[in-house]
Amino acid sequence: MNTDLNVKDTLPRKNFSSISQLGLKALNLALAHADALGPRLSPGLVEGLLADVEKLGDVIPGAKQARSESIAATSTQNAALAEGHARVRQVRAAVRRAKASVDVKHGYGIGQRIRSRVVSDVKAAIQQILDRAKDKPAEAKSLGIVQKDLDGLALALAAITDADTKQDQSRASAPLTTQQRNRIGNRILAAVARIEGAGRLEFANDETKRASFEALGAGPRGRRNVDAASSTTEGASG
């Protein structure tokens, strides 16, 4: 690894396809002129570049997979929240239709705001109903709330908790994979720049050979990969 190269975790200015091609071109030049460039390059730079070019092919799919898993986890959580919220609404509606007293309505959370996409809100509303029914089973039965309803609420609560845990894990792992990919890309670009500089100096009076190294820095900047850019911010909500 090119440990002496100062690189950041931010998304590279070039897309990863361009970075791979540049890395290969620089690597070929460095190997072809190894004897001449050796004294100008830090130890391990060429070997590190070779390893990074090979890794990049593995890391990019890994970053995309992590992002996909994060999106899937969010979708699963939203589905669990929707089911839990629906059950809470129907229990509250049944309590209202039963013309329950104000105290009983408050006991089942009626009048309390519940945001359907907020985990803490939905979980708290479900738990309040379960606790009330457990403490006052006769009251629950008089309102038409049976064990089947309570079991459904308990399952919904467990599903929301599980989905929330998995989403947190996905969010935690996705940035790490993206960070790794970005560092490898930036490290390749830094190594390419070192090889370009070494070639320019070594072949300052050889226009033909020098042109090959100058070409490393003369290409287009390359459009950033849209998917890669969005993956660094995915999972910021929820």
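The order of 149, 168 by accessible area, most exposed first and with a 1.4 Å probe, is 168, 149. Label point of residue 36 set 7 angstrom out along Cα-Cβ; within region 199-220, amide nitrogens under 18 Å from it belong to 199-217.
Distances between placed amide hydrogens fall under 5 Å for residue 14 paired with no residue 5 or more residues away or on another chain. Computed from label points 7 Å out along Cα-Cβ, the spacing between residue 165 and residue 75 is 2.3 nm. Taking Lys and Arg as +1 and Asp and Glu as -1, the other residues whose beta-carbon sits under 11 Å from that of residue 122 total +2. Where in region 91-123 does the amide nitrogen come within less than 20 Å of the point 7 Å from the Cα of residue 138, taken along Cα to Cβ? Output list for this probe position: 95, 98-108.
Heavy atoms only, 1.4 Å probe, whole protein assembly: order 10, 178, 208 by accessible area, highest first.
Highest to lowest solvent-accessible surface, that is 208, 10, 178.
Across region 189-197, rounded Karplus estimates of 3J(HN,Hα) from the backbone phi angles (6.51 cos²θ - 1.76 cosθ + 1.60, θ = phi - 60°) give 4, 5, 5, 4, 5, 5, 5, 4, x Hz, Gly and Pro being marked x. Legend: distances between Cα atoms for 8/209; 105/141; 8/166; pairs beyond 21 Å are 8/209; 8/166. Karplus-based coupling profile of region 100-113, in residue order and whole Hz: 5, 5, 4, 4, 5, 4, 5, x, 9, x, 5, x, 8, 6, with θ = phi - 60° in 6.51 cos²θ - 1.76 cosθ + 1.60 and x standing for Gly or Pro. Net charge of the neighbourhood of residue 208, taken over other residues with C-beta under 14 Å away and scored Lys/Arg +1, Asp/Glu -1, is -1.
In this structure residue 47 has an accessible area near 120 Å², from a 1.4 Å probe over the protein heavy atoms.
Evaluating 6.51 cos²θ - 1.76 cosθ + 1.60 at θ = phi - 60° for every residue in region 79-87, the Karplus couplings come out as 5, 5, 5, 4, 5, x, 5, 4, 5 Hz, glycine and proline recorded as x. With the whole protein complex present, residue 40 retains an accessible surface near 110 Å², based on a 1.4 Å probe. Close amide H pairs (under 5 Å, H built 1.01 Å from N) link residue 9 with no residue at least 5 positions away or on another chain.
Here residue 25 is the anchor, and the aspartates and glutamates within straight C-alpha reach of less than 12 Å, apart from those fewer than 8 places off in the same chain, are 196, 214. To the nearest 10, the accessible area of residue 31 is 110 Å² with a 1.4 Å probe. In this simple spin-label model, placing a label point 7 Å from the Cα along the Cα-to-Cβ direction at both residue 24 and residue 106 gives a separation of 7.2 nm.
The values are calculated or read from the model by the stated rules, or taken from the named source; none is laboratory data. In this text, all values refer to a predicted model and were calculated from it rather than measured experimentally. Glycine also receives a Cβ, built like all others from the backbone with ideal geometry; neighbour counts cover every protein chain displayed. Heads up: the accessible areas ignore ligands, DNA and RNA and are worked out on the full protein's heavy atoms, side chains in. Shrake-Rupley method; radii C 1.70, N 1.55, O 1.52, S 1.80 Å.
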